[in-house]
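Read through the structure below, which is laid out as structure tokens, and then see the notes.
Every number here is computed from the coordinates shown, using simple stated rules; none is lab data. Predicted, not measured: the structure shown is a model, and the values here were computed from it. Positions of Cβ are generated from backbone atoms using ideal geometry, with glycine treated the same way; all protein chains shown enter the neighbour counts.
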Amino acid sequence: MLPLTLPVSSDGPLFVLAIGAHPDDIEIGAGGLLLRLAESQLRVRYAVLTGTARRHQEARDAAHAFMPDADLVIDLFDLPEGRLPAVWGSVKEILEDIARSCSPDVIIAPSSYDAHQDHRTIGELVPTVFRDQLYLAYEIPKWDGDISRPSMYVPLSADTARRKMELLHKCFPSQLNRDWWDDEVFLGLARLRGMECRARYAEAFRCAKTVIQVPG
Ligand SMILES: [Zn+2]
């Protein structure tokens, strides 16, 4: 197992594009990674494609809570929840608009293997729009039972994993009564992924393609 060091460009901090279909996707899938990245200078474009006014406010609160010192641009859209495949063209346009206006180093977004149709639509479109970035596809535990085989791991300390839990509960009060929203689900998955990479906790991602640059 070799470490992958995230690129830091000479002209500024690491630039991350985080994309979610719904408010809370980004934080459930990659909240620990964002907490870790936010310990250093960080530039973030944060985009969520669906949501009501209340849920958009939760997304805004979460983005600031997970990345308090980041240079943060937040884009919130109100495409129809549960129906992103039916507005495929609008999803692609939003992603293309973002791609025209910025050039991130890393993209954190849902996976094309995700069982939820909204997540999957974004996961299928990301590589059609962004071709020069490291694309880390996050996983979200769900009723459908689509947990699959990841290829990348971000080890998390117990403190970071617990901080992620605290912020999830604090930032997304509208989700607290969902039967799957609890510490055992989130920490259980994180512990399992941690075991797989010899850490206490971890978040796992799929990365379909990386380019190895041999030094020299
Ligand atoms: Zn979602």
- antiparallel share of DSSP beta bridges within the chain, to nearest 5, in %, is 25
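Explain nothing, just the number: relative contact order of the chain, from Cα pairs under 8 Å at least 6 residues apart, as a whole percent. Please report the intermediate quantities before stating the final value.
Values: 360 pairs, mean separation 47.7, N = 216.
Taking the mean separation of contacting Cα pairs over the length of the chain, I get 22 percent.
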- Expected vector for the stretch 53-59, Karplus 3J(HN,Hα) from phi with 6.51, -1.76, 1.60 and θ = phi - 60°, integer Hz, x for Gly and Pro, equals 4, 5, 6, 5, 5, 4, 4
- Message: Quick check on the chain: take the gyration tensor over C-alpha atoms, sort the square-rooted eigenvalues as a ≥ b ≥ c, and tell me if it's rounded (a/c under 1.5), prolate or oblate.
- Response: rounded
- Which of the peptides 196-204, 71-79, 43-51 is most tightly packed, and how do the rest follow, judged by the mean count of other Cβ atoms within 10 Å per residue? 43-51, 196-204, 71-79
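Among DSSP bridges having both ends in the stretch 94-216, what percentage is antiparallel? Round to the nearest 5.
Working: 7 of 11 bridges.
Antiparallel bridges make up about 65 percent of those DSSP assigns within the stretch 94-216.
Which of rounded, prolate, oblate describes the stretch 113-185, given a ≥ b ≥ c as roots of the alpha-carbon gyration tensor eigenvalues and a/c under 1.5 marking rounded, otherwise prolate only if a/b is larger than b/c?
Working: a/c = 1.96, a/b = 1.45, b/c = 1.35.
Prolate is the answer for the stretch 113-185, as a/c is 1.5 or above and a/b outweighs b/c.
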- Which value, in nm² and rounded to one decimal, describes the direction-averaged projected area of the C-alpha convex hull of the stretch 55-142? 6.2
- Cα gyration tensor, the stretch 20-83 - rounded (a/c under 1.5), prolate or oblate: prolate
